[in-house]
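Enquirer: Before I ask anything, here is the structure I am working with.
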Ligand code: MG
Ligand code: ZN
């Protein structure tokens, strides 16, 4: 019985995710869903992307968090349009919430919509938000075994960002093993080493986003 309920929830979510796509595809807006554990640096990666892409490519942001508008305030300070979704304790975003957030954004052709999911490596993976690409973010403080422990995310990610690499000298994080785990789960998926603190890899992150054209609004 339990399983049937879960299946029904996911089916309804899939229909609403399709509604998100039906809204965004005709506009030519590419959409990215960022998934990670709390504190991996998703918000900072978005801040850097907004700075790097500048006026040439407008980024609009949907921020998901159980509580507070702290992340949305940070994004707003960059000048990017942003909507905060508070899930009232909920541990992932669902497509119906994204659909409602879209009402508050004025998306135009060529815009990039970045959705920062609730910090959680498990259930956000099961909920399609109508995105075109998924980005998995892991920071080096979390341990190199995360792909092995949370394989579902790394099987469906279009890009893996290994963040906070400036901290590598201070932590026991084996980059080669991390990459091996990821490669085993999804051969060929790109992995970018990034430090928002030193700026290393930020250009590559921005380039990856910049390369997402309206044609990527098809999955
Ligand atoms: Mg955040
Ligand atoms: Zn959840």
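Nothing in this text is a laboratory measurement; each read-out follows from the coordinates by a stated rule. Since the model is a prediction, treat every value here as computed from it, not as a measurement. Ideal geometry is used to build each Cβ from the backbone, glycine not excepted, and the neighbour counts take in all protein chains shown.
Enquirer: Pairs please, first residue from the stretch 75-98 and within 16 Å of residue 114 (Cβ to Cβ) and without any contact (Cβ under 8 Å) to a residue 12 or more places away in the chain, second anywhere and more than 16 Å from ligand 2 (Cβ to nearest atom) and not in a loop (DSSP other than H, G, I, E, B), Cβ atoms under 6 Å, 6+ apart in sequence or on different chains.
Expert: Listed by first residue and then by second, the contacts come to 76/82.
Enquirer: If you check every pair at least six apart or on different chains, which have Cβ atoms under 6 Å apart with a residue in the stretch 136-163 that is on the phi > 0 side of the Ramachandran plot first and a residue that is crowded, with 24+ Cβ neighbours inside 10 Å and outside any strand (DSSP E or B) second?
Expert: Short answer, once both residue conditions are applied: none.
Enquirer: Under the condition of being part of a loop (DSSP other than H, G, I, E, B) and farther than 27 Å from residue 26 by Cβ, which residue from the stretch 142-162 is nearest to ligand 1 (Cβ to nearest atom)?
Expert: This residue is 150.
Enquirer: Report the residue count in the stretch 86-141 for those that are within 16 Å of ligand 2 (Cβ to nearest atom), farther than 30 Å from residue 182 by Cβ and part of a loop (DSSP other than H, G, I, E, B).
Expert: The qualifying residues number 2.
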